[in-house]
Amino acid sequence: MAYSEKVIDHYSNPRNIGTLDKSKNNVGTGLVGAPECGDVMRLQIEVDEVSGTITDAKFKTFGCGSAIASSSLATEWLKGKSIDDALKIDNMDIVEELALPPVKIHCSVLAEDAIKAAINDYRAKNNLAPIEVHSL
Amino acid sequence: MLKLPIYLDNNATTPVDPRVLQAMLPYFTDIFGNAASRNHPFGWKAEEGVDYAREQVANLIGASEKEIIFTSGATESNNLAIKGVYEMYAEKGNHIITLTTEHKAVLDTCKHLEKLGAEVTYLEVQSDGLLNLADLEAAIKPNTILVSVMFANNEIGVIQPIKEIAAIAHKHGALFHTDATQAVGKVNTDVNEYGIDLLSLTAHKMYGPKGIGALYVRRKNPRVKVTAQIDGGGHERGMRSGTLNVPGIVGFGKACELARLEMGQDAARLSIMRDRLENSLLELEESYLNGNKDHRLPHCTNISFKYVEGEGLMMGVKDIAVSSGSACTSASLEPSYVLKSLGLDDDLAHSSLRFGLSRFTTDEEIDFAINQTKEAVMKLREMSPLWEMFKEGIDLKAIAWAEH
Ligand SMILES: Cc1ncc(COP(=O)(O)O)c(C=O)c1O
Ligand code: FES
């Protein structure tokens, strides 16, 4: 499989690998995928509770290069965004940015799911109703 | 200077040995005749080349030259052996026994025959990849005509107890076929020593060219016959028609001769290199050797790295050409069926690498492979949420994963 330069770049120099303190009230954690399917993505956001903007984002991914790149890119995009804008990130934006081939679209779906799961975790901690997640 | 990428996928195919190529070259130009042309020297010379090669092939496996049928490769040989016996011995029975870890060329041939009325038993192997002989004994029935068990597995290199398997088959009046594609030229595969009735082999796994192989068919004690699967001009004593691939056959013969002379020293050298590679990689935490350690080919190893995903790993070892799962099935994201039949969980099956060394592999290349693999595994674990959970002592099996 030939990977795009952007995928290779994210794979070789992943942005924002790491772990945020999931016990904190303003940290949302999304863990999606399953080891049997060959991909598990954990994406975390830290939210400024006053402004509602995402101040930090971290990921760890067990998966193929496209999955690693999708989650790395997602954390880059999330930082500085409001929750509302973060919800607008569509998996096809990731596909386009990383030039993912059709067989790798599900890697980007996983990243979108991880974003939504992280946001929902944050919302649940703050007694807000969950937003609908399309493909979990 | 090390030339990258490094080729360590010699179970998929090997380069042609320059000495093999030299032997072949005249047969493309000067000696281009059709080996079946009986009326002129062009044909006679080509036939001489074929006759000599047939002896070279026969000598490697302890056969006589009349017992060698040239084919296009091991896939065809397996088809001819299994379908040919099924048709030829239809009156005796319709039951075939094989393994779940066989190459697709055997499995899919058996599946095809099932549609035509064959009864096939696919025996499971033990967790080390070896067949339990008691299972074979128990599976044999009065209508069993053929036991087909591979000599050495293409993914894990495990060598089956061939002599014992052949003896059990014979005790019950069944024939014994072995797909010895991975073993011939690497270890002793003497057909008489092992009691083999039919044996499939191919040139391109032993430094010969692609597209040429052979089926050994025993002529004495017992005299074995197969029904031809390709009809036509009656070449190869009617068992496989088609104008002979003379340059390929000559190269195959040369490769067999070289293997006979050099197999011992190659195996001794390669097993030392293989062990060094293997031991270094097994120093990594949570890495596991797949398959039996004592009964296997000298030049390959298969290792799983837990908490690392296979495709990501392949990307990390970009300068070494290795395979995760069999080369024939790696186009799909399905984990290797061979590793799964050893009882490996999907995650371990997904994260395996197969390294296959060759006559041309150097120590320097092995050093490089060790370093790049270790770096990739460590880097990916650094990125892996599963590794983090494992390190925190979380039981991954206890988590309710959202499967998709
Ligand atoms: C065990 C085994 N059998 C059969 C084959 C098929 O051989 P060929 O490529 O000569 O058809 C292979 C090669 O992939 C193999 O490893
Ligand atoms: S995560 Fe499954 S192929 Fe990329």
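The values are calculated or read from the model by the stated rules, or taken from the named source; none is laboratory data. Computed from a predicted structure; not experimentally measured. With ideal geometry, Cβ positions are generated from the backbone for all residues, glycine too; neighbour counts draw on all protein chains shown.
Looking only at residues of segment B:254-300 that are in contact with a Pro (Cβ under 9 Å, 6 or more places away or on another chain) and in contact (Cβ under 8 Å) with a residue 60 or more places away in the chain, we find that the one that is surrounded by the most Cβ atoms within 10 Å (Cβ to Cβ) is B:Ala255.
One line per residue, one yes/no per condition, for (1) of a type in the set (A, V, I, L, M, F, W, C); (2) in contact with a Gly (Cβ under 7 Å, 6 or more places away or on another chain):
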| position | (1), (2) |
| --- | --- |
| B:Ile165 | yes, no |
| B:Val184 | yes, no |
| B:Ile212 | yes, yes |
| B:Arg223 | no, no |
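Within segment B:336-346, being touching a Ser or Thr at 6+ places or on another chain (Cβ under 8 Å), in a helix (DSSP H, G or I) and under 18 Å from A:Asp39 (Cβ atoms) holds for no residue. Looking across segment A:37-54, not a single residue is farther than 30 Å from B:Val377 by Cβ and within 14 Å of another protein chain (Cβ to nearest Cβ).
Listed conditions (1) within 11 Å of another protein chain (Cβ to nearest Cβ); (2) buried (at least 23 other Cβ atoms within 10 Å of the Cβ) are all met by A:Ala57, apart from (1).
Test of understanding: among B:Ala327, B:Ala349, B:Ala369, which residue is outside any loop (DSSP other than H, G, I, E, B) and modelled with pLDDT under 90? Selected residue: B:Ala349, the only one of B:Ala327, B:Ala349, B:Ala369 that is outside any loop (DSSP other than H, G, I, E, B) and modelled with pLDDT under 90. Within segment A:10-26, is even one residue of a type in the set (Val, Ile, Thr), within 8 Å of chain B (Cβ to nearest Cβ), more than 30 Å from B:Val322 (Cα to Cα) and outside any helix (DSSP H, G or I)? Looking through segment A:10-26, at least one residue is of a type in the set (Val, Ile, Thr), within 8 Å of chain B (Cβ to nearest Cβ), more than 30 Å from B:Val322 (Cα to Cα) and outside any helix (DSSP H, G or I).
For segment A:48-91, how many residues meet the condition of being within 16 Å of ligand 2 (Cβ to nearest atom), of a type in the set (A, V, I, L, M, F, W, C) and touching a residue at least 40 places away in the same chain (Cβ under 8 Å)? Number satisfying all stated conditions: 7. Based on what the data block shows, is A:Cys64 within 14 Å of chain B (Cβ to nearest Cβ) and either surrounded by fewer than 24 Cβ atoms within 10 Å (Cβ to Cβ) or among the small types (Gly, Ala, Ser) (or both)? Considered against the rule, which asks whether it is within 14 Å of chain B (Cβ to nearest Cβ) and either surrounded by fewer than 24 Cβ atoms within 10 Å (Cβ to Cβ) or among the small types (Gly, Ala, Ser) (or both), A:Cys64 comes out as no. In the set (1) closer than 30 Å to B:Ser336 by Cα; (2) modelled with pLDDT under 95; (3) not in a helix (DSSP H, G or I), the condition left unmet by A:Val103 is number (3). Of the residues that make up segment A:74-86, is at least one surrounded by fewer than 22 Cβ atoms within 10 Å (Cβ to Cβ), more than 16 Å from ligand 1 (Cβ to nearest atom), aromatic (Phe, Trp, Tyr) and not in a strand (DSSP E or B)? The answer is yes, given that some residue of segment A:74-86 is surrounded by fewer than 22 Cβ atoms within 10 Å (Cβ to Cβ), more than 16 Å from ligand 1 (Cβ to nearest atom), aromatic (Phe, Trp, Tyr) and not in a strand (DSSP E or B).
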